[in-house]
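Pasting a structure below so you can have a look.
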Amino acid sequence: MEYPERAKERGIEGKPEIAFDVDNNGNPINVRLVRSSGHKMLDEALLAQARKFKLNSAAAGKENVRLTANFALEGTRTHREAMKRQREREEKRRQAQEARKQAEVEQKKREAANNESEEGSERRQRRMLEPPSTPLIPSNPSTPSTPIP
């Protein structure tokens, strides 16, 4: 969002919130102020900029899309707090991404272990079900040497 120059010169800060609907072409319609920043200059700047948005096709047809703009001057407490919140959100996002990657690795390990145990189990079953490839020799030499069915 572009900070209004006059507001910047006067040291005006605020967080206006708007809502709007999106038509099928990605253009905002019915742009309205939901929460004022307390400064008409900031409110009107946000409304004017929102009317010029061009959103992607994923947003087409959505209703009551909300947007809050944090107009804060660099170096102020408001700006430092906003930057801190942004860093915290980014860190949470990074941690969540790492956790997802770790979970995927663990899942692949479990799947590999399951596949190996299933293969071993199939081999054991085949060995038990297949007839012996060599004839059985009786332990008593006096009996004829014929395979036992």
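Just need a number here: residues in the range 57-78 that are open to solvent by less than 100 Å² (accessible area, probe 1.4 Å), within 28 Å of residue 28 (Cα to Cα) and of a type outside the set (Gly, Ala, Ser).
Selection size over the range 57-78: 7.
May I ask you to list the residues in the range 8-30 that are within 19 Å of residue 80 (Cβ to Cβ) and either in a loop (DSSP other than H, G, I, E, B) or touching a residue at least 60 places away in the same chain (Cβ under 8 Å) (or both)?
8, 11, 12, 13, 15
List every residue pair whose Cβ atoms lie under 9 Å apart, where the two residues are 6 or more positions apart in sequence or sit on different chains, the first residue falls within the range 57-82 and is β-branched (Val, Ile, Thr), and the second residue, located anywhere, is exposed (fewer than 11 other Cβ atoms within 10 Å of the Cβ) and at pLDDT 90 or above.
Here the result reads 76/11, each pair linking the range 57-82 to a residue that is exposed (fewer than 11 other Cβ atoms within 10 Å of the Cβ) and at pLDDT 90 or above.
Further question on the same structure: Looking at (1) touching a helix residue (DSSP H, G or I) at 6+ places or on another chain (Cβ under 9 Å); (2) polar (S, T, N, Q); (3) at positive phi, can you tell me which one residue 36 breaks?
Single failed check for residue 36: (3).
Another question about this same structure. Name every residue in the range 52-89 that is over 28 Å from residue 10 (Cα atoms) and among the aliphatic types (A, V, I, L, M), in order of residue number. Steps first, please.
As a first pass, look at the range 52-89 and keep what is over 28 Å from residue 10 (Cα atoms): 54-65, 88-89.
Selection gives 55, 58, 59, 60, 65.
Table: residues versus (1) acidic (Asp, Glu); (2) under 20 Å from residue 75 (Cα atoms).
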residue: 3; (1), (2): no, yes
residue: 13; (1), (2): yes, yes
residue: 20; (1), (2): no, no
residue: 28; (1), (2): no, no
residue: 58; (1), (2): no, no
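Also: Find the residue count for the range 31-56, including only residues that are open to solvent by 40 Å² or more (accessible area, probe 1.4 Å) and assigned to a helix (DSSP H, G or I).
Residues flagged as open to solvent by 40 Å² or more (accessible area, probe 1.4 Å) and assigned to a helix (DSSP H, G or I) within the range 31-56 amount to 6.
The values are calculated or read from the model by the stated rules, or taken from the named source; none is laboratory data. Bear in mind the structure is a predicted one, so any value in this text is a computation, not a measurement. No Cβ is skipped: glycine too gets one built from the backbone with ideal geometry, and neighbour counts run over all protein chains shown. Calculation scope for accessible area: heavy atoms of the full protein, side chains included, ligands and nucleic acids excluded. Shrake-Rupley method; radii C 1.70, N 1.55, O 1.52, S 1.80 Å.
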